[in-house]
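Have a look at the structure below before the remarks.
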Amino acid sequence: MQANKYPIERRYIAKRPNTRPGLRLTTGTPAFFVAHDTGNPGADADSHYRYFNALTDRSASAHTFIDDKKILEIIPAGTDKDPAEKAWHVLYKVTSDNEHFGYNANDAALGVELCYGGNIDFEEAYKRFVWYLAYCCARWNKDPRLFIPSHKQLDPARKIDCDNGLKSGGRTLKELIADVTATLAEPPLIQVPHGDSSNPTSPAFTPLPADLAQALIGEYVRPAWAAARASHQQPEAEHFHRLAVNLRAAAGIDERGVRLPQAVKLHKSNAQEMIFRWLSPAWYRAQAAGDTKAAASAHARANRLRLAAGLPEQ
Ligand SMILES: [Zn+2]
């Protein structure tokens, strides 16, 4: 994708607990991107800056406002030197973000807002919205099909964005995701300065075979997740859920086993944990039982995990 197609303007609102608490994201870098619209037809990016800079009577904010003329970050999003901070763009009591991503959106995601309606040229705003979401996916190596929920998807009982804003220009969320995916794939292939070690420009990796990802989840990760849930260890359960999400992403499949446009490099820590927690013990048990076939299988599985994380085989 073209890394400098549009400028990103950074003009931050004052720190204040109800809008910009000044806290770093729990995940360090953004883990997913929530697609919003402002729900305020005709109001552009600058007017949202003024609104949130003055807001004192309720908790609300988002990182980035995009209209037909500019992309404006009003809270640091981590796209430049300033590390990403929390913003209040999805209710904490909503649980779908935790279920899908292992975190509350406010603690882990960027809130990206499409300005629309009134005198705002929809096509120009939409192009910038698509490009910015693709830029974020490139920077943090996220598949748009997995990591861009709409606010409505996270909170369907209360919210209709960004589907509603897209509809004002005759677009759907599905088209948005397809356009982001296409933009990401445009040559030149990702020239974005990278924000973390999982960036695709770091050393090569070999995607995990889909059947191996499914087998590892079924044999090890899902039972560990179920046990953590049964004993009310919520952080543990969320951890295992994320592990399963990452294994599927490393195999380039979604939760139903449907193939995605690309696989994502596995985090080194995920590969190391899988090996330390399950595959090494399986190898030792097989060796002790004289089962050379099972030992070889555990060894081969460990190496596929290493390759998926860009680590050398052992
Ligand atoms: Zn929203």
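The values are calculated or read from the model by the stated rules, or taken from the named source; none is laboratory data. It should be emphasised that the depicted structure is a prediction, and the values quoted were computed from it without experimental measurement. Note that we place each Cβ from the backbone using ideal geometry, even for glycine, and neighbour counts take in every protein chain shown. Side chains are part of the model used for accessible areas, which takes the heavy atoms of the whole protein and leaves out ligands, DNA and RNA. Shrake-Rupley method; radii C 1.70, N 1.55, O 1.52, S 1.80 Å.
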> Do you know which residues across segment 78-92 are more than 11 Å from the ligand (Cβ to nearest atom) and in contact with an Asp or Glu (Cβ under 8 Å, 6 or more places away or on another chain)?
Replying inline: T79, K86
> Can G22 be described as open to solvent by less than 20 Å² (accessible area, probe 1.4 Å) and either away from the ligand (no atom under 16 Å from the Cβ) or polar (S, T, N, Q) (or both)?
Replying inline: no
> Scanning segment 31-46 for residues that are touching a residue at least 40 places away in the same chain (Cβ under 8 Å) and more than 16 Å from the ligand (Cβ to nearest atom), which turns out nearest to the chain's Cα centre (by Cα)?
Replying inline: A31
> If you take just the helices (runs of 4 or more DSSP H) that sit entirely in segment 204-258, which of them hold at least 3 residues that are of a type outside the set (A, V, I, L, M, F, W, C) and surrounded by 15 or more Cβ atoms within 10 Å (Cβ to Cβ)?
Replying inline: 234-251
> Going through segment 160-179 one residue at a time, which ones are more than 16 Å from the ligand (Cβ to nearest atom) and either of a type outside the set (D, E) or open to solvent by less than 60 Å² (accessible area, probe 1.4 Å) (or both)?
Replying inline: G169, G170, R171, T172, K174, I177, A178, D179
>> What pairs come out if I take residues in segment 90-101 that are of a type in the set (D, E, K, R) and pair them with residues that are within 12 Å of the ligand (Cβ to nearest atom) and open to solvent by less than 70 Å² (accessible area, probe 1.4 Å) whose C-beta lies under 7 Å away, six or more apart or interchain?
In response: D97/V90; D97/A105; D97/L154
> Is segment 145-152 home to any residue that is assigned by TED's automatic domain parsing to the domain that holds S168, open to solvent by 20 Å² or more (accessible area, probe 1.4 Å) and within 16 Å of the ligand (Cβ to nearest atom)?
Replying inline: yes
> Out of segment 263-279, which residues are among the acidic types (D, E) and under 16 Å from the mean Cα position of the chain (by Cα)?
Replying inline: none
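Results for (1) more than 16 Å from the ligand (Cβ to nearest atom); (2) open to solvent by less than 30 Å² (accessible area, probe 1.4 Å); (3) in contact with a Cys (Cβ under 9 Å, 6 or more places away or on another chain); (4) of a type outside the set (A, V, I, L, M), shown as yes or no for each residue.
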site	(1), (2), (3), (4)
V94	no, yes, no, no
D97	no, yes, no, yes
L110	no, yes, yes, no
D121	yes, no, no, yes
Y126	yes, yes, no, yes
F129	no, yes, yes, yes
A138	yes, yes, no, no
N141	yes, yes, no, yes
